[in-house]
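See below for the structure under consideration.
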Amino acid sequence: MNFQEKYDSYLNIFNARLESFCRSLECKPEILSESMKYSLQSGGKRIRPVLMLAVAELLGVDAEVVLDYALSLELIHTYSLIHDDLPEMDNDDYRRGKLTNHKVFGAGNAVLAGDALLNTAYSILFDCCKKGREYVDAAGFICDGAGVNGMIAGQSADLYCEANKINDEKWLQYIVKNKTAKLITAAVAAPCVLKGGKYFLEFKQFGEDLGILFQLVDDILDEKGSFDKLGKTIGKDKEENKLTYVSFYGIDESCVIADVIYDRCIKLLDGIEGDTEFLKQIAAFVRHREV
């Protein structure tokens, strides 16, 4: 299979689990499940679950073992996008070419939809923990990456730097490593935990670097991209004086840094036994993406 066929094969496995989850999701009042499913089913690259399935296959971990972890990770990621788009945060009207959750259901319902997705993700992870110690450790790694030592801390730092007009390299690195890279790291490290720690350190570093690369390219696209391709408002980072790679380093240097981190991702994968070609192609996709 070529890269797109391989990507789609993982995507199809995950989407089947996601659709099963959405079919079983019933809430009262119905607007809660409607708002949750609206954002869950709005498309997207699903790069985190794809990464998790790819690493699991490389390590010899059955897809069924990681599917609920992948689902939980996507629920957490989706909740973060709903909250990130709120007027009190990034105040975005569009996500993936569609109106954002709060524009359709109102800010209050959007907050609750995000809360519901996060709590449901943890409920799924708790169920996984019944299977053994390594399942507990994998769930804990994901939870830690989503919480006050991870994504939430990064988001808080993002708001803090924006409010206080901070333009500092250490703060920039802290924001990116936590807000973006922690959940991508969780996607590639969780299968290692489930496999008894095999290649854990290597994939943990790969996940962090890939997450940084993802944010770097995102910052570049906010400057050079288009709404038609990205499906979201362009130029908001600059308009709101966000601390980003482009605002700190400039567009040209950001591109150079992206190339350096991409090369680092490839070298890390060269040190891992097995067929890492697809993961290398994902790194290339992240570096050169236009969506």
Highest to lowest packing among 76-83, 102-109, scored as the average C-beta count within 10 Å
76-83, 102-109
List the extent of the Cα atoms of segment 1-79 along each of their three principal axes, largest first, rounded to whole Å.
43, 23, 18
Take every Cα-Cα pair in the chain and report what % of them are more than 26 Å apart.
42 percent
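Can you give me the accessible area per residue for segment 84-237, using a 1.4 Å probe, in Å²?
Values: 6840 Å² over 154 residues.
Per-residue accessible area for segment 84-237 comes out at 44 Å².
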Here FRET efficiency (C-beta to C-beta, ASP259 to GLU64, R₀ 41 Å, nearest 0.05) is 0.65
Find how much the distance from ASP144 to VAL291 grows on full extension, using 0.36 nm per residue of separation minus their present alpha carbon separation; answer in nm with one decimal.
50.1 nm
Using the Karplus curve 6.51 cos²θ - 1.76 cosθ + 1.60 with θ = phi - 60°, work out ³J(HN,Hα) for each residue of segment 280-291 in order, rounded to whole Hz, and write x for Gly and Pro.
5, 5, 5, 4, 5, 4, 4, 5, 10, 5, 10, 10
Apportionment of accessible area to carbon and sulfur, the chain, percent (1.4 Å):
50 percent
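May I ask for the longest run of the chain untouched by GluC sites (Glu not before Pro) that are loop-located per DSSP and have at most 12 neighbouring C-beta atoms (other than their own) within 10 Å? Mind dumping the intermediate values first?
On the way: sites that count: GLU26, GLU88, GLU240, GLU273, GLU290.
It works out to 89-239.
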DSSP-assigned coil residues among trypsin sites (Lys or Arg not before Pro) in segment 131-174, each with at most 12 further Cβ atoms within 10 Å
LYS165
Measure up LYS37/LYS224; LYS177/LYS267; LYS238/LYS267; LYS195/LYS280; LYS45/LYS198; LYS6/LYS280 against 24 Å on the Cα-Cα distance and list the ones that go over.
LYS37/LYS224; LYS238/LYS267; LYS45/LYS198
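For an R0 of 41 angstrom, estimate the FRET efficiency from the Cβ-Cβ distance between CYS27 and GLU5 and round to the nearest 0.05. It would help to have the intermediate numbers written out before the result.
Numbers: r = 36 Å, r/R0 = 0.89.
With R0 = 41 Å, the Cβ-Cβ based efficiency is 0.65.
Expected output is a single nm value to one decimal: the length gained when fully extending between ASN119 and ARG133, i.e. 0.36 nm times separation in residues minus the C-alpha distance. What is it?
Additional length available on full extension: 2.9 nm.
Expected output is a single nm value to one decimal: the length gained when fully extending between ALA284 and GLU162, i.e. 0.36 nm times separation in residues minus the C-alpha distance. What is it? Kindly include the intermediate steps, with their values, before the conclusion.
Working: separation 122, 0.36 × 122 = 43.92 nm, distance 3.08 nm.
The ALA284-GLU162 span can extend by a further 40.8 nm.
Per the helix-only calculation at 222 nm, which mean residue ellipticity applies to the chain, given -39500 (n - 2.57) for every DSSP H run of n ≥ 4 and division by its residues, nearest 500 deg cm²/dmol? Spell out each step's value before the answer.
Working: 16 runs with 217 residues, N = 291.
Theoretical 222 nm ellipticity from helices: -24000 deg cm²/dmol.
The values are calculated or read from the model by the stated rules, or taken from the named source; none is laboratory data. Quantities reported herein were computed from a predicted structural model and do not represent experimental measurements. Heads up, the Cβs are rebuilt from the backbone with ideal geometry, glycines too, and the neighbour counts pull from every protein chain shown. Please note that ligands, DNA and RNA were not included when accessible areas were found on the heavy atoms of the full protein model with its side chains. Shrake-Rupley method; radii C 1.70, N 1.55, O 1.52, S 1.80 Å.
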